[in-house]
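Rule-based calculations on the coordinates, nothing more; no lab input. Note that the coordinates shown come from a computational prediction; the quantities given were computed from them, not determined experimentally. Don't worry about glycine lacking a Cβ; one is built from the backbone with ideal geometry, like all the others, and counts go over all protein chains shown.
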Amino acid sequence: MSWESVERRVERGPMGLWAAIVAFFVVVSITGYFLSWFGEAGQVAQKEFGAKAALQKYEWFVDQANRIEKMDRDITLFDGRVKGVESQYESYGSDRASWSPDVRIQYNQAKQQAKDDLVAIASQRNGLVAEYNAASEKFNWKAFQTRPDKPKERFFEYRVE
């Protein structure tokens, strides 16, 4: 918009000046709006891929992998506990029907408690695995995954009959 065109509009009267001012602000607003998209995109990129975000995401994957490994060790311990209940009651004989009722009740309670604990810890582990695997599928997290292969959920592997 040149100075001459503004002068011509002024000569046309106050409506021409107001139209020029409104047109100027509309053009500036539209330009500012589209330029803000570039700024916002830069802010999002900084938030998701900046050094601080990268470190936090990497640390989250490492912490989660360590938790999963600890749960695997805990599952081994709880699985041993289930088998330990069996060996603890071996001295009563292999025919459980011949055991006294109070020994059978104790055995069943101990066995059920050990099974419940094993299933609970396996369930917690599977929750951690599900979180890890879900995060590793996200576009902005995938690069920070610490394992090339995702851990498997193993709930049915620990289902004790």
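Here are a few things to note about the model shown:
- In terms of packing, defined here as the mean over residues of other Cβ atoms within 10 angstrom, the peptides 75-84, 114-123, 43-52 line up highest first as 114-123, 75-84, 43-52.
- Label-point gap, in nm, between Gln56 and Gln113 - each point 7 angstrom along Cα→Cβ: 4.3 nm
- The slack in the chain from Ile30 to Val103, taken as 0.36 nm per residue of separation less the alpha-carbon distance, amounts to 18.0 nm.
- Averaging 1/r over each pair of different alpha-carbon atoms in region 50-158 and inverting the result gives 16.3 Å, the Kirkwood hydrodynamic radius.
- Multiplying the residue separation of Lys70 and Ser94 by 0.36 nm and subtracting their alpha-carbon distance yields 5.2 nm.
- Charge dipole (debye, nearest 20) of region 50-158; +1 at Cβ of Lys and Arg, -1 at Cβ of Asp and Glu: 420 debye
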